[in-house]
Amino acid sequence: FFRLLLMYFFAGFAFVVSATFTVAIVKSNPENASLGNAVWLLVGFTSIPSVLIWDWVEVKFSMNKALCFAITLHAISLLFNAFFVQLEFILIAAFLFGFSNLGVVSLTMTLAGREAPKNPGKEMARLTIAFALSLVIGPSIAGILAEINGTYFYPLVLSSLLLILGVILLLSRNKEIS
C-alpha cells in the first residue's frame, strides 16, 4: 500500500502545481493574458464528465491501465505548460489536466476500496492525508523553485517527473489490479 500512497502524494503535488500555476502561466504571456480565467473554466468543464469516462476506461481496459493513463495525461499536460507558450498548447494542457485530475482521484479511491474491502475508509483516509500533505508542501517547493529560477519551468518538470515516478511505483506493485 505504501507505493500507492506515495503515488497519490505525487499526484497531489502535481495537482496543486497545475491548479496553482495554470492561470498564472496563461497570464504571464501578454498575448494570452486576458484568457487566464477562460482557460481555468476549460479545466473545470473538462473535469465534470471525466469521472464517468474514467470509469468506462477502467471497465474496458483494467484499473492499472486506466490509472497509469490518467497519470500520464496529467504529466503530459505539465510538460506542455513547461515547454510551450503557444495558446493551442496551453489549451491542450488545460484540457488534459481537467480530464485527468479527477480520474486519478476517483480511480485511486476505487482501488483503495477494492484492496481493503473490510475497511475501505481507513485506506481512503490514509490516501487523503497523503494528498492533503502534498497540497501543503507542493506550493512551497514549487514557489521556491519558480522564484529562484524566475520561471515555472522547473516546478512543472519536477511535477511531471513525480507523476512518471508514480506510474513506475504503480506498475511495480506486485498486486494484480482489476
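The values are calculated or read from the model by the stated rules, or taken from the named source; none is laboratory data. Please read these numbers as outputs of a predicted model, since none were measured by experiment. Note that we place each Cβ from the backbone using ideal geometry, even for glycine, and neighbour counts take in every protein chain shown. Heavy atoms of the whole protein, side chains included, go into the accessibility calculation; ligands, DNA and RNA do not. Shrake-Rupley method; radii C 1.70, N 1.55, O 1.52, S 1.80 Å.
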Charge dipole (debye, nearest 20) of the chain; +1 at Cβ of Lys and Arg, -1 at Cβ of Asp and Glu = 560 debye
message = Once you place label points 7 Å from the Cα toward the Cβ at LEU165 and ALA38, how far apart are they in nm?
response = 3.8 nm
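For the range 27-100, which GluC sites (Glu not before Pro) are both in a DSSP coil and crowded by at most 15 other Cβ atoms within 10 Å?
Details: sites: GLU31, GLU58, GLU88; in loops: GLU31.
The qualifying sites are GLU31.
What is the chain's relative contact order, in percent, from Cα pairs under 8 angstrom and six or more apart in sequence?
Values: 237 pairs, mean separation 70.7, N = 178.
Contact order relative to length: 40 percent.
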key: Simple label model, 7 Å out from Cα along Cβ direction - VAL136 to TRP56, nm   = 3.9 nm
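How high is the FRET efficiency from GLU147 to ARG3, r the C-beta distance, R0 41 Å, rounded to 0.05?
Numbers: r = 32 Å, r/R0 = 0.78.
FRET efficiency, GLU147 to ARG3: 0.80.
Leaving ligands, DNA and RNA out of it, report the carbon-plus-sulfur percent of the accessible area of the range 1-136 at a 1.4 Å probe.
72 percent
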inquiry  = Per residue, how much accessible surface does the chain expose to a 1.4 Å probe? Answer in Å², no decimals.
reply    = 50 Å²
